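Novice: Dropping a structure here in structure tokens format, bear with me for questions.
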């Protein structure tokens, strides 16, 4: 059985986590729209630009995974983790990320996209 190398593992993790971060930013965008801020437009423009970049990154990650023959095809949420399955070189793999790890990873990705790192 073959396993993905660290770069491929990172791409798989990106493909799993980035949609969660995007969803979080979408919710935050709605909060900003509904807030009593007087000058919302710069915040909205910055958030929309960041979300566009994130959507492009998700698409690029998916293309890269497919070019390497890696297909993430199942995600299952339960009380303790996000479990996912992927196919790599003809073999099926199951992995999971605990919600504590997901929370940490989502925060790290948020920092990255907010240009804090």
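Each reported figure results from applying straightforward, stated rules to the coordinates on display, with no laboratory input. What you are looking at is a predicted structure, and each value in this text was computed from that prediction instead of being measured. Cβ coordinates were reconstructed from backbone atoms using ideal geometry, including for glycine residues, and neighbour counts include every protein chain displayed.
Novice: So how tilted is helix 41-67 from the main axis of the chain? Cα-based, degrees 0 to 90, rounded to 10.
Specialist: So the inclination is approximately 10 degrees.
Novice: Right, something else. Taking only DSSP H segments of four or more residues, each worth -39500 (n - 2.57), what value at 222 nm results for the chain once the sum is divided by all its residues, to the nearest 500 deg cm²/dmol?
Specialist: -21500 deg cm²/dmol
Novice: How big is the chain in terms of Cα radius of gyration and Dmax, in angstroms?
Specialist: Final numbers for Rg and Dmax: 16.3, 58 Å.
Novice: I've got another one for you. For a quick check: sort 115, 95 by the number of other beta carbons within 10 angstrom, fewest at the front.
Specialist: Fewest-to-most ranking of 115, 95: 115, 95.
Novice: Please work out the Cα center distance from segment 9-27 to segment 48-117, rounded to the nearest Å.
Specialist: Rounded to whole Å, the Cα centres lie 5 Å apart.
Novice: Related question: Could you work out the relative contact order of the chain, using alpha carbon pairs under 8 angstrom and six or more residues apart, expressed as a whole percent?
Specialist: 26
Novice: Using only alpha carbon positions, build the gyration tensor of segment 1-53, then give the equivalent ellipsoid semi-axes as the square roots of 5 times its eigenvalues, largest first, whole angstrom.
Specialist: After diagonalising the Cα gyration tensor, the semi-axes are 35, 10, 5 Å.
Novice: For the chain, give me the percentage of DSSP beta bridges that are antiparallel, rounded to the nearest 5 percent.
Specialist: Of the beta bridges lying entirely in the chain, close to 100 percent run antiparallel.
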